[in-house]
Amino acid sequence: MDVETFHNNPKVFCDTALPFLMEAEAENNLIIGLSARLEAASPQPGSGEALFWAVRDGAKVCGAAMCTPPRDLLLSHPFPNAALTALSEFLSQMHLPLPGVLGPDYAAREFCAKWTATTTIRNELWRRERIYRLDRVE
């Protein structure tokens, strides 16, 4: 697995990860919306940091994440275990302070377990949220 970083470059991130993210649009609505909004805003120097990552298995994107410090890390769905391991190891090497993780329950839990195994930080479930999708109107 390879982790590709897009530092303050939401356009290239969207070009790279949006087809993958749209395969599960409802589950990825937050990361899709925020990255698209940042892309439309064309970040100005000094306007804050936006970090984006795509995890690839060969040429195929198999996970995506973003963070706008000091906010939480956002994880996509799906996010295979091997991709979570690659991202966790990559971010550990960056020494990026993460206040929290948002994402599908399985991905957030697994990422936190991997992240805290290499740090002195303790992980704790703070809140569970849900996403609802309307499939049809009668």
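Whether any residue in region 39-49 is open to solvent by less than 20 Å² (accessible area, probe 1.4 Å) and either out of contact with any Cys (no Cβ under 6 Å at 6 or more places or on another chain) or farther than 30 Å from Asp135 by Cβ (or both) is what I want to check. Checking region 39-49: not a single residue is open to solvent by less than 20 Å² (accessible area, probe 1.4 Å) and either out of contact with any Cys (no Cβ under 6 Å at 6 or more places or on another chain) or farther than 30 Å from Asp135 by Cβ (or both). The residues of region 57-95 that are crowded, with 17+ Cβ neighbours inside 10 Å, more than 11 Å from the chain's Cα centre (by Cα) and in a strand (DSSP E or B), listed by number, are Val61, Cys62. Condition check for Leu98 on (1) at pLDDT 90 or above; (2) open to solvent by less than 50 Å² (accessible area, probe 1.4 Å); (3) part of a loop (DSSP other than H, G, I, E, B): one failure, at (1).
The values are calculated or read from the model by the stated rules, or taken from the named source; none is laboratory data. Because the structure is predicted, anything quoted here is derived from the model rather than measured. Note: ideal-geometry Cβ built from the backbone for every residue, glycine included; neighbour counts use all protein chains shown. The protein model used for the area step is the full one, side chains on, heavy atoms only, and it has no ligands, DNA or RNA in it. Shrake-Rupley method; radii C 1.70, N 1.55, O 1.52, S 1.80 Å.
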